[in-house]
Amino acid sequence: RDYKTLLQLIPIIIMKDFSQDPIFKPMKDIFVKLGILCSLLFVRRVSSGVNSYLFEVKKAVDEFLKVLHLYDTQQKRLNTNYTPYITKPKAHIITHIVQDIQRFGPPLNFETEKGEQFNKYIRGHILHSNKINPSRDVGLKFGKQYMLAHILQAGTQIRHLSRTEAERKGFRTTAARI
C-alpha cells in the first residue's frame, strides 16, 4: 500500500519541485503512467466490470510501455552507452499481466513473501537435523508441531467408524446405492 501511494505521489512531486529540471522532465510522463497502472493493479478483488477492468489495465500497460519507449529513444540519442529499459525482461513480462489477472486474479494476490518467509523455518529444521534424510526430518518436525498446535487449540479428531462398530454403538447405517 505504501508503494502504491509513493508511485502515485512521485509525478506530483516531480511536476511541483522538479518541473524545470532537465533530468526529471522526461521522466514525468513515465511516472504518471506508472502511477495510473499501479492504481489499477493494487486492488484485492474486482467484484464487477471485470472486462472493463482488464481493458483499462491493458490500455495502461500499453501507454506505460509507449512512454518508456519514447524515453529510451530520447536517452539513446543523448548517450550511446545507454541501455534501454524497454529491453529488460520485466518490460516484456508486464505485457502478460492481463492474462495473469484472468488466470490468477488481481496481482495483489500473487504475493510470495509468506512462502519465502517460511523458508527460514525449513532452514532451521534442516540445520538441527542429522542431515541424512532432511526431507523426512523436516516433515516429521512440522507434523509434530502441527499435532501439538491442534491439541493445544482443543482440536478434535474425527475417527471414521466401520459399519460394524457403528452398529454396535447404536448408529443406524444404510448401504450405499450404486
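The values are calculated or read from the model by the stated rules, or taken from the named source; none is laboratory data. Quantities reported herein were computed from a predicted structural model and do not represent experimental measurements. Glycine also receives a Cβ, built like all others from the backbone with ideal geometry; neighbour counts cover every protein chain displayed. Each accessible area value is taken on the protein alone, full model and side chains, heavy atoms only, with ligands, DNA and RNA left out. Shrake-Rupley method; radii C 1.70, N 1.55, O 1.52, S 1.80 Å.
One table, with the values for the structure above:
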item	result
Given (1) out of contact with any helix residue (DSSP H, G or I) (no Cβ under 6 Å at 6 or more places or on another chain); (2) over 27 Å from P11 (Cα atoms), index of the condition R77 fails	(2)
Meets criteria (in contact (Cβ under 8 Å) with a residue 12 or more places away in the chain and either touching a helix residue (DSSP H, G or I) at 6+ places or on another chain (Cβ under 8 Å) or over 30 Å from D62 (Cβ atoms) (or both)) for H125	yes
Failed condition for V138, given (1) farther than 27 Å from E56 by Cβ; (2) open to solvent by 100 Å² or more (accessible area, probe 1.4 Å)	(2)
Filter result (among the hydrophobic types (A, V, I, L, M, F, W, C) and under 18 Å from the mean Cα position of the chain (by Cα)) within segment 69-102	A91, I93, I94, I97, V98, I101
Subset of segment 54-91 [at pLDDT 90 or above and more than 22 Å from F24 (Cβ to Cβ)]	L54, F55, E56, V57, K58, K59, V61, D62
Of residues in segment 104-135 being hydroxyl-bearing (S, T, Y) and at pLDDT 75 or above, the one surrounded by the fewest Cβ atoms within 10 Å (Cβ to Cβ)	S135
Pair list, Cβ under 8 Å, 6 or more apart: segment 18-31 residue of a type in the set (G, A, S), other residue not in a loop (DSSP other than H, G, I, E, B)	S19/K28
